[in-house]
1. Using the Cα atoms of the chain, I'd like the radius of gyration and the largest Cα-Cα distance, Dmax, both in angstrom.
2. So how strong a dipole does segment 7-182 carry about its Cα centre when Lys and Arg Cβ are +1 and Asp and Glu Cβ are -1, to the nearest 20 debye?
3. Can you tell me the order of 79-92, 41-54, 164-177 when each peptide is scored by its average per-residue count of other Cβ atoms within 10 angstrom, highest first?
4. Under the rule of at least 5 residues apart or a separate chain, name every residue whose amide H is placed under 5 Å from the amide H of Arg166.
5. By how many nm would the segment from Asp169 to Asn83 lengthen if fully extended, with 0.36 nm per residue of separation less the alpha-carbon distance?
6. Give me the percent relative contact order of segment 41-117, please, defined on Cα pairs under 8 angstrom at least 6 residues apart.
7. Could you give the length gained by full extension between Val134 and Glu110, i.e. 0.36 nm per residue of separation minus their alpha carbon distance, to one decimal place?
8. Rounded to the nearest 0.05, what FRET efficiency do Lys7 and Glu50 have when you use their Cβ-Cβ distance and R0 = 41 Å?
Amino acid sequence: LSVKKPKVVFVLGGPGSGKGTQCANIVEHFGYTHLSAGDLLRAEISSGSENGTMIQNMISEGVIVPPEVTIKLLEKAIMESENDKFLIDGFPRNEENRAMFESVTGIVPEFVLFFDCSEEEMERRLLSRNQGRVDDNIDTIRKRFKVFVESSLFVINYYNSKGRVRKIDAAKPVAEVFEAVKAVFTPVDD
Ligand code: UP5
Ligand code: MG
């Protein structure tokens, strides 16, 4: 990654806040490549990698996988892509993730898109998603909320103190959320 200097936007927000949904819209309109850390980890489980069982157990408990595992997957995806601009969705999830990604890759995000949504609404969405995710059950959802509040919000506050957070009201319908997202991307994406 030392030669390739990609442009990165971190897309953060609680479980079910709509990160994946809005990233798909951003890809279509603004030509980014979408890298969901959760999707990369789930692909690692399906591929039968040696870390698969560990990742599976951690996702089922809603806890954060060791950063070297996630960072390796993100680096590989960036290197293998022809694109030079990426949405990194659902990462970094804690201060250790953030610091290690920055030191290993040398990449600092252009900005952080933060999808702000109430737990009530996120819980409703996750319970009706029905895509067979092992972590979409009420027990794990509660654990995911707890990890988000106790660890992931720190990262958002960190970037906010640097003036890099673009906060979006994510409780609205998908199309309205995307209108707000567009307004964030349009000026920086000349
Ligand atoms: N939906 C979306 N937007 C809506 C809207 N505006 N109005 C009404 N409905 C809306 O959306 C969720 C559901 O809501 C969908 O059915 C959608 O149609 C609907 P989605 O876009 O999927 O939300 P998203 O924020 O992407 O939710 P997701 O469940 O993916 O978020 P998480 O952050 O919980 O999941 P992630 O895949 O990132 O991580 C899963 C686990 O992997 C973590 O808990 C952790 O164990 C592990 N992980 C790590 O350890 N490290 C990492 O770096 C990343 C993940
Ligand atoms: Mg997602």
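The values are calculated or read from the model by the stated rules, or taken from the named source; none is laboratory data. This structure is a prediction, so every number in the text was calculated from the model and none was measured. Quick reminder, even Gly has a Cβ in these numbers, built from the backbone with ideal geometry, and neighbours come from all protein chains shown. Surface accessibility is based on the protein's heavy atoms, side chains included, excluding ligands, DNA and RNA. Shrake-Rupley method; radii C 1.70, N 1.55, O 1.52, S 1.80 Å.
1. So, for the chain, Rg and Dmax equal 15.8, 44 Å respectively.
2. The dipole of segment 7-182 has a size of about 280 debye.
3. Listed from highest to lowest mean packing, they are 79-92, 164-177, 41-54.
4. Correct list: Val112, Leu113, Phe114.
5. 28.1 nm
6. 19
7. 5.4 nm
8. So the FRET efficiency works out to roughly 0.80.
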